[in-house]
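Notes to accompany the following structure.
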Amino acid sequence: MFTILSSIILSFYLVELKFGNGEDTTLGSCSFSGIGPQLLFSNGTHVFSKDLDSNNLRILVETMDSSVIYVDYDLIDGYIYWSDLDTNTISRRRCRSGNEKSDKEVIVQQQTNSRPIGIAVDSQNGHLYWADQDGGPIRRSDFDGSNVVDILNESLEKPTTITIDISNRWLYFSDHGKHTIERCTFDGSSRQILISNDVISPYGLALDMDSKRLYWTDSALYHIKSSKFDGSDVKTLSIDVTPLGNIGIVVMGIDLYGSYMYASNINTGIYRIQKNKIHAVPERVFAIEQDALIYGVKIIKSHTNNATNEKGHVGQMQILFAGMIFVEVLLNRM
């Protein structure tokens, strides 16, 4: 289980992050067209893409003095979206063939006491959803930040992460302040509390559309659980971290691809774990530099040359995740 050795997490010396095979990592092409599966991530100030099967690395976004947390991708028009806790903004940059030098664009500028954190992209309907972790509402806008609508604005304390079921029009969200996982329809109706027991800090949510199950991580309880979409049949996943050695595990983000989960450990990297295996051993697929922090994980269907203009088409699978530089800053803010 992920419960062991968590107390030593800040003293563990991490593997140094290598920027590919010595290639230039200056800000460059942001196009994914024709590129194989990519690992996208942020160290808080930059968003990178890395070939899933090699060390090739590119800088896609350079935000400098920021705290990038969640990232998502619009597979239709090719935009990367990210939330920033330092500037209280949501921004985007177009990453599509022909827009290699596109500029960053702030699309949501919140007030000082309002801080957007979790985001979710609805490529089919052209909508962006986000949560305000300072007790504010869960909102929706068009992709350019216009036509803002409050989806939920009552009985929220610290809504954190969001994931959406586009086909059935359900929005799933966690509330760190209330210690709950809930869902509502895209217009905010039919709100339901799904999980309220044995949950403290649910910072990662993912939907398995094949098995019809909801997965979540708990960074305070150090475990990963799943349930049916309605919150019933709760199961704790069987995970054995003993072979990893002296690595303290605090799981944060999570997403699913095939028979695997991809989960972020707060400051050691991203791990691939078999979903249905007893005593599954995590395999580290990406290691981060010392003092960095990996946060959310998102697997998305990327945009390809053959699926750029038709809603609902799919391309290669990608892993998307974000982090911050200083763990103390994030924990103080949550």
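A few remarks follow.
- Verdict on Lys178 being among the basic types (Lys, Arg) and surrounded by fewer than 16 Cβ atoms within 10 Å (Cβ to Cβ): no
- Just so you know, in the range 187-236 the residues that are acidic (Asp, Glu) and either in contact with a helix residue (DSSP H, G or I) (Cβ under 8 Å, 6 or more places away or on another chain) or in a loop (DSSP other than H, G, I, E, B) (or both) include one that is most open to solvent (accessible area, probe 1.4 Å), and it is Asp210.
- In the range 30-44, the residues that are crowded, with 19+ Cβ neighbours inside 10 Å and either at pLDDT 75 or above or within 17 Å of the chain's Cα centre (by Cα) (or both): Gln38, Leu39, Leu40, Phe41, Ser42, Asn43, Gly44
- Selection within the range 271-298 - open to solvent by 20 Å² or more (accessible area, probe 1.4 Å), out of contact with any Ser or Thr (no Cβ under 9 Å at 6 or more places or on another chain) and either modelled with pLDDT of 75 or more or within 30 Å of Asn125 (Cβ to Cβ) (or both): Arg272, Glu283, Val285
- Note on the range 138-147: residues that are in contact (Cβ under 8 Å) with a residue 12 or more places away in the chain and open to solvent by 10 Å² or more (accessible area, probe 1.4 Å) amount to 6.
The values are calculated or read from the model by the stated rules, or taken from the named source; none is laboratory data. Nothing here was measured: the structure is a model prediction, and the numbers come from that model. With ideal geometry, Cβ positions are generated from the backbone for all residues, glycine too; neighbour counts draw on all protein chains shown. Ligands, DNA and RNA are stripped out before the accessible areas are found, and what is left, the full protein with its side chains, is counted by its heavy atoms. Shrake-Rupley method; radii C 1.70, N 1.55, O 1.52, S 1.80 Å.
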